[in-house]
1. Quick one: accessible surface of B:Thr69, probe radius 1.4 Å, all protein chains present, in square angstrom to the nearest 10.
2. Ignoring ligands, DNA and RNA, how much accessible area is buried between chains A and B, both sides summed, with a 1.4 Å probe, to the nearest 100 Å²?
3. I need the Debye-formula profile for chain A: one equal scatterer per C-alpha, no solvent, reported as log10 I(q)/I(0) at q = 0.11, 0.19, 0.23 1/Å, two decimals.
4. Given Cα positions, please report Rg to Rh for chain B, the hydrodynamic radius being the Kirkwood one.
5. How much area per residue is accessible in region A:5-113 when the probe is 1.4 Å and only protein heavy atoms are counted (Å²)?
6. Which value, in Å² rounded to 10, gives the accessible area of A:His104 with a 1.4 Å probe and all protein chains present?
7. Given a 1.4 angstrom probe, what's the average accessible area per residue across chain B, in square angstrom?
8. Quick one: with all protein chains in place, what share of the accessible area of the protein assembly as shown is carbon or sulfur, to the nearest percent (1.4 Å probe)?
Amino acid sequence: GAGVSQSPSNKVTEKGKDVELRCDPISGHTALYWYRQSLGQGLEFLIYFQGNSAPDKSGLPSDRFSAERTGGSVSTLTIQRTQQEDSAVYLCASSFWGSNQPQHFGDGTRLSIL
Amino acid sequence: GESVGLHLPTLSVQEGDNSIINCAYSNSASDYFIWYKQESGKGPQFIIDIRSNMDKRQGQRVTVLLNKTVKHLSLQIAATQPGDSAVYFCAENKGGATNKLIFGTGTLLAVQP
């Protein structure tokens, strides 16, 4: 389809393991965002990529979290040494360049840390 | 261990009635607002947006009202249908270099047939 695609849709892993979450934005969207949604909560901003500019990492909760965006398209969010409090749904969104552009979301990756 | 339940504000309406979902935003510098609909197991779906230079915007069966004086946003859904049942989030964008959205906690809309 033409929407934001995220994989895997579900991930279960043991505490202490590293995980990688992938996001394919909508074609033509130059801005890409990661958010986290804990059970029953609103979305919490994590990181923002815009073109070739330095990403805004101000929402990353700890240095165990990192993200990259290769070739201005696909993005990977990596969580190292996972903890139980990292369990959440990780959502990716993309938008056209510029302020006040609506962000369109994928269906997220549901991460469960045992 | 004890489980923590969800305590989302809930709006229960009859099918065919109009629904009004309210949201208070936090930052007077915010210049862009969006309403999203989120169904179980899905990502947020864009419904409608409004810029701070407007006080009303209409879409198909939906209207968003913005009151900057009291920092209040509302979403009106006309002739509510069972398919409208979902959690609705408002989000604000403070502007600037990063278009990060600040989300409210959400309202659960339950449409009774």
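1. For B:Thr69, solvent-accessible area is about 130 Å².
2. Protein heavy atoms only, the A-B interface buries about 1900 Å².
3. Treating every Cα as an identical point scatterer, log10 I(q)/I(0) equals -0.32, -0.95, -1.36.
4. Result: Rg/Rh = 0.99.
5. 46
6. The accessible area comes out at roughly 60 Å².
7. On a per-residue basis, 53 Å².
8. 46
The values are calculated or read from the model by the stated rules, or taken from the named source; none is laboratory data. A quick note: this is a predicted structure, and the numbers were derived from the prediction, not measured. Protein only, heavy atoms only, side chains kept; ligands, DNA and RNA dropped before computing areas. Shrake-Rupley method; radii C 1.70, N 1.55, O 1.52, S 1.80 Å.
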